[in-house]
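J.: This is the structure, below, for whatever I ask next.
The values are calculated or read from the model by the stated rules, or taken from the named source; none is laboratory data. For clarity, every value in this text was computed on a predicted model and none was experimentally measured. Ideal geometry is used to build each Cβ from the backbone, glycine not excepted, and the neighbour counts take in all protein chains shown.
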Amino acid sequence: MTVTKIEPVTKTRYRIYVDGQFAFILYKGELSRYHIAEDEEITEETYETIRTEVILKRVKLKAMHLLNDMDRTEGQLRTKLGQGGYTEDMIDAAIDYVKAFGYINDDAYVRRFIMGRKERKSRREIKAALSQKGIPKEQIDAAMEECYGQEDSQAAIRKILEKKKYDPATAQDAEKRRIMGYLTRKGFSYDDIRHVIQVSEWNA
C-alpha cells in the first residue's frame, strides 16, 4: 500500500489517499506519529490502526457531538458526517454506535416534529419539511395518521387567522378571498378552511 497523495484541507488537517483512493483525514501531528508521507509505503497494520484507533473514535465522538448539539434524523447525521470527510463505512459504524444507545430514532423524531408544529403549520408544510430531512414518505404518512385528527388542522387555521388579525365581523369579500387563498396555498383543505371561517362568522 502506498500513500499516493496528501492534500491540505486546512493548515492542520490533511486528506490522505492510499493507492489512489481517499482513505481518511489526519491532523499534522498524526502524519508524523504514523510516518505518513507522499509516495511512501504504509503497512496494512498501520492503515487499520489509523482507521480503528483514530478515525473510528473520532467519527463516533463527532456523531455524539452533533446529536448533543441538536436533534437529527439518521439522514441528517449521515450528511453532516460525510461533510466532515469520513468514509461511508466509518459513517455506518458511527450510526450503528449511536443507534445502540438510542440516540437516533427516526420514528420518535418524526412524531416530535409533527406534534411541535401541527398547531401552526399545515400537513403539507410539515410533510415537505420532513421530506427535506430525508424521511421516507411511508414513515411520514404513518406518523401523520398517529398524530393528527381533523380538529388539529382547524386549530392551526384558527391560530393563523388570529395571527393575521382576521376579523370575520368586518372582513370584506376581497379580504375573505385573500385569506382563503393564503390558507389554501399553505396546504389546508378547503373544507377545513370554510368550516373555521364560517364558525368564526357565526360566533362574531
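J.: Scan segment 5-28 for residues that are in contact with a strand residue (DSSP E or B) (Cβ under 7 Å, 6 or more places away or on another chain) and either assigned to a loop (DSSP other than H, G, I, E, B) or over 22 Å from T52 (Cβ atoms) (or both) and jot them down.
T.: Once the filter is applied, which keeps residues that are in contact with a strand residue (DSSP E or B) (Cβ under 7 Å, 6 or more places away or on another chain) and either assigned to a loop (DSSP other than H, G, I, E, B) or over 22 Å from T52 (Cβ atoms) (or both), segment 5-28 yields K5, E7, P8, V9, T12, D19, G20.
J.: Across segment 166-204, which residue is modelled with the lowest pLDDT among those that are of a type in the set (S, T, Y) and assigned to a loop (DSSP other than H, G, I, E, B)? Give the derivation first.
T.: Filtering segment 166-204 down to residues of a type in the set (S, T, Y) leaves 166, 170, 182, 184, 189-190, 200.
Filter once more, keeping what is assigned to a loop (DSSP other than H, G, I, E, B): 166, 170, 189.
Working: Y166: 79, T170: 76, S189: 72.
The selected residue is S189.
J.: Report yes if R72 is buried (at least 18 other Cβ atoms within 10 Å of the Cβ) and free of Cβ contacts under 8 Å to residues at least 60 places away in the same chain, otherwise no.
T.: Taking the combined requirement at face value, the residue satisfies it.
J.: Pick from segment 166-181 the residues that are of a type outside the set (V, I, T) and in contact (Cβ under 8 Å) with a residue 12 or more places away in the chain: which of them is farthest from A108 (Cα to Cα)?
T.: Here is the first cut: in segment 166-181, the residues of a type outside the set (V, I, T) are 166-169, 171-178, 180-181.
Going one step further and asking which of them are in contact (Cβ under 8 Å) with a residue 12 or more places away in the chain, we end up with 166-169, 176, 180.
On the way: Y166: 35, D167: 38, P168: 39, A169: 42, K176: 38, M180: 33 Å.
The qualifying residue farthest from A108 (Cα to Cα) is A169.
J.: If the requirement is being touching a Gly at 6+ places or on another chain (Cβ under 7 Å), under 30 Å from N105 (Cβ atoms) and not in a loop (DSSP other than H, G, I, E, B), which of these qualifies: K62, K57?
T.: Of K62, K57, the one residue that is touching a Gly at 6+ places or on another chain (Cβ under 7 Å), under 30 Å from N105 (Cβ atoms) and not in a loop (DSSP other than H, G, I, E, B) is K62.
J.: Another question, then. For segment 128-165, how many residues are under 14 Å from G187 (Cα atoms) and either touching a residue at least 60 places away in the same chain (Cβ under 8 Å) or touching a Phe, Trp or Tyr at 6+ places or on another chain (Cβ under 7 Å) (or both)?
T.: Total meeting the criteria: 2.
J.: Filter segment 18-33 for residues that are over 30 Å from the mean Cα position of the chain (by Cα) and either within 21 Å of G84 (Cα to Cα) or touching a residue at least 40 places away in the same chain (Cβ under 8 Å) (or both) and give the result. Show your work before the answer.
T.: Residues of segment 18-33 that are over 30 Å from the mean Cα position of the chain (by Cα), as a first pass: 18-20, 28-33.
Across segment 18-33, the qualifying residues are V18, G20, K28, G29, E30, L31.
J.: In this structure, does K99 turn out to be under 13 Å from the mean Cα position of the chain (by Cα), under 30 Å from K57 (Cα atoms) and among the charged types (D, E, K, R)?
T.: Here the answer is no, as K99 does not meet what is asked.
J.: From the list K133, K127, K80, K121, which one is closer than 26 Å to H195 by Cβ, within 14 Å of the chain's Cα centre (by Cα) and among the charged types (D, E, K, R)?
T.: K127
J.: Considering each residue of segment 79-105, count those that are part of a helix (DSSP H, G or I) and surrounded by fewer than 20 Cβ atoms within 10 Å (Cβ to Cβ), and give that number.
T.: Taking segment 79-105 as the starting set, the residues that turn out to be part of a helix (DSSP H, G or I) are 79-83, 88-100.
Remaining after also requiring surrounded by fewer than 20 Cβ atoms within 10 Å (Cβ to Cβ): 79-80, 82-83, 88-89, 92-93, 95-100.
Counting residues in segment 79-105 that are part of a helix (DSSP H, G or I) and surrounded by fewer than 20 Cβ atoms within 10 Å (Cβ to Cβ) gives 14.
J.: Any residue at all in segment 149-157 that's of a type outside the set (A, V, I, L, M), under 21 Å from L183 (Cα atoms), assigned to a helix (DSSP H, G or I) and under 17 Å from the mean Cα position of the chain (by Cα)?
T.: No, segment 149-157 has no match at all.
J.: Let me ask something else. In segment 133-147, is there at least one residue being small (G, A, S), within 18 Å of D71 (Cα to Cα) and loosely packed, with under 13 Cβ neighbours inside 10 Å?
T.: Within segment 133-147, none of the residues are small (G, A, S), within 18 Å of D71 (Cα to Cα) and loosely packed, with under 13 Cβ neighbours inside 10 Å.
J.: Identify all residues within segment 106-133 that are modelled with pLDDT under 80 and of a type outside the set (K, R); write none if there are none. Outline the logic, then answer.
T.: First pass over segment 106-133, keeping only residues modelled with pLDDT under 80: 118-120.
Passing the criteria: only E119.
J.: While we're looking at this one, here's another question. Out of segment 15-29, which residues are of a type in the set (G, A, S) and surrounded by 15 or more Cβ atoms within 10 Å (Cβ to Cβ)?
T.: The answer is A23, and nothing else.
J.: Just one of (1) more than 30 Å from D191 (Cβ to Cβ); (2) in contact (Cβ under 8 Å) with a residue 40 or more places away in the chain; (3) out of contact with any Asp or Glu (no Cβ under 8 Å at 6 or more places or on another chain) trips up H65, so point out which.
T.: Result: H65 fails condition (2) only.
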